[in-house]
Amino acid sequence: VRWLSPVLRLRRLLAETAPDIVHTHNFLSHLHAAPAAGMLGIPVVHTKHGRAVSPGRLGLRLRRELYVRSARIVAVSAETADRLAALSGIDRARIRVVYNGIDTGFLAPGDAAAERREARRELGLPEEAIVIGAVSRLDPVKDHPAMLRAFARAADGRPDALLVIVGDGPERGAIEALAAELALGDRLVMAGFREDVRPWLRAMDLFLQPSFREGLSLTILEAAAVGVPIVATAVGGT
C-alpha cells in the first residue's frame, strides 16, 4: 500500500499534465514513476547517477523488470554503466552514457586572483590563508574523516592552512566530533548548506573529494570550471 499510493497519485498527475516523456533519476523515483507512466503508455527515460544497486534477488528482479520497460537507460559515466549492467543483469548495450555537464560560462573565472581575494573578503576568510575545501553532502560515502585526518597531517606546522567544508547532512555531528579530537579548532570552517557555491569555490586553493564511490561528481566539474586544483579518489567517473 505504501508503494501503490504514490504510484496512483503520480498516475493522476501524469494524466492531467500529459507529458511526452517521463525522466526518472535513480531507483526510488523510477520505482514509483515508471509504473505510473507505464499505465498511461508514456515512455520513460531513466538516469543512473551512482553505483549502488538494490541488494537481494527481489530488488534485482524488480529493477530488471522496470528497466526492460524503459525506453532508455542512461548512466552518467562509463564505470556507472558497467557496474549497473554487471549487477543488474541488464544488457550493457541498452545503457547509454551521457556524462554530467555544467554551465562552464556561469563558473569560469575572469581574473582568478582578484576573484579569490573578493570571495575571501565576502566570506570572511583570511586573504593570505591556504584554503583547502570540499563541497558535498555530509554522508559516509564522502569519507570526510579521511579528509580531516589528511588535513591535520598535511597542515601540521602551517598555521595559515584552513579546511572549509560546504554542505550539510547526517554526518555533521561525527565530523565535528572528529575535528575536536584532532584539535582543529578554528582551522575548520563548517559552512553548512549554501545555495550558491561559486564564492566558496573561488576562495579555495585546493579542492578535495576522497569519496568511496561516485557516479560523476558535479562539484568536481564545478571546481575544475573555476580553475581550482583537485585531489580526489579514483572512483566512478572521477
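The values are calculated or read from the model by the stated rules, or taken from the named source; none is laboratory data. This structure is a prediction, so every number in the text was calculated from the model and none was measured. So basically every Cβ, Gly included, is an ideal-geometry build from the backbone, and we count neighbours across all protein chains shown. All accessible areas refer to the heavy atoms of the entire protein, side chains included, with ligands and DNA or RNA removed. Shrake-Rupley method; radii C 1.70, N 1.55, O 1.52, S 1.80 Å.
For the reader, a short list of remarks on this structure follows.
- Excluding ligands, DNA and RNA, the accessible surface per residue across the stretch 6-162 is 55 Å² with a 1.4 Å probe.
- Along the chain, longest interval not containing exposed GluC sites (Glu not before Pro), exposed being DSSP loop plus at most 14 other Cβ atoms within 10 Å: 1-126
- Which label in (i) 168; (ii) 112; (iii) 153 gives the computed volume of the Cα convex hull per residue in Å³: (iii)
- Accessible area in square angstrom per residue, the stretch 166-220, 1.4 angstrom probe: 48
- Relative contact order (%) - the stretch 29-167, alpha-carbon pairs under 8 angstrom, separation at least six: 17
- Accessible surface of the chain, 1.4 Å probe, proportion on carbon and sulfur as whole %: 56
- Residue by residue, the stretch 149-156 carries 3J(HN,Hα) couplings of 5, 5, 4, 4, 6, 5, 8, 4 Hz when phi is fed to the Karplus relation 6.51 cos²θ - 1.76 cosθ + 1.60 (θ = phi - 60°); x denotes Gly or Pro.
- Here Val135 sits with roughly 20 square angstrom of accessible surface, probe radius 1.4 Å.
- Rel. contact order, % - alpha carbon contacts under 8 angstrom, at least six apart, the chain: 18
- Computed over protein heavy atoms with a 1.4 angstrom probe, the accessible surface ordering of Asp103, Asp20, Asp143, largest first, is Asp20, Asp103, Asp143.
- Cα centre as origin, Lys/Arg/Asp/Glu Cβ charges: the chain dipole, Debye: 1440
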